[in-house]
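The values are calculated or read from the model by the stated rules, or taken from the named source; none is laboratory data. Model, not experiment: these values are computed from the prediction. As a convention, Cβ positions derive from the backbone with ideal geometry for all residues, glycine included, and neighbour counts pool all protein chains shown.
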């Protein structure tokens, strides 16, 4: 039984490695970009001055957006905190995550979701096609 399990694990590693080599892109394309929605949820045991002090002390404003990452929008969501929508190359995902871990934790609880823009797909199906642009 142990030999079968070890053989299965070995084959799984081999297959996973061979697939990773085949799918590695040689260059970054525009289609490699993704949207990332980040909720910076306020810790309601602190007031805004305390949150701002933590954020400033941790270097949030200097380090939050790694090079090559753009802000699509940044909203205040009353009762929750802030919602940030970023556009980034997939290769920058770990850099964004690390920047959040280093500079936003303690000040906020975070939730991160990969997202995409459905509007171009659904736009022609809508009767009312009006769209707000900020």
Worksheet, complete the sentence: Out of (1) surrounded by 14 or more Cβ atoms within 10 Å (Cβ to Cβ); (2) under 29 Å from residue 133 (Cα atoms); (3) touching a helix residue (DSSP H, G or I) at 6+ places or on another chain (Cβ under 8 Å); (4) free of Cβ contacts under 8 Å to residues at least 60 places away in the same chain, the one residue 72 does not meet is (3)
Item to complete: Determine whether residue 87 is at negative phi and loosely packed, with under 12 Cβ neighbours inside 10 Å.
Response: no
Worksheet item: Among 100, 122, which is the only one that is in contact with a strand residue (DSSP E or B) (Cβ under 7 Å, 6 or more places away or on another chain) and part of a helix (DSSP H, G or I)?
Response: 100
Worksheet entry | Residue in the stretch 32-47 that is surrounded by the fewest Cβ atoms within 10 Å (Cβ to Cβ), counting only those that are farther than 19 Å from residue 118 by Cα and modelled with pLDDT under 90 | 44
Worksheet, complete the sentence: Screening 109, 127 for residues that are more than 15 Å from residue 34 (Cβ to Cβ) and either in contact with a helix residue (DSSP H, G or I) (Cβ under 8 Å, 6 or more places away or on another chain) or touching a residue at least 24 places away in the same chain (Cβ under 8 Å) (or both) leaves only 109
Discussion item. So residue 86 ticks every box in (1) more than 11 Å from residue 38 (Cβ to Cβ); (2) not in a helix (DSSP H, G or I) but one. Which box is left unticked?
Written reply: (1)
Discussion item. Could you check the stretch 103-119 and list, in sequence order, the residues that are out of contact with any strand residue (DSSP E or B) (no Cβ under 9 Å at 6 or more places or on another chain), part of a loop (DSSP other than H, G, I, E, B) and more than 17 Å from residue 73 (Cβ to Cβ)?
Written reply: 106
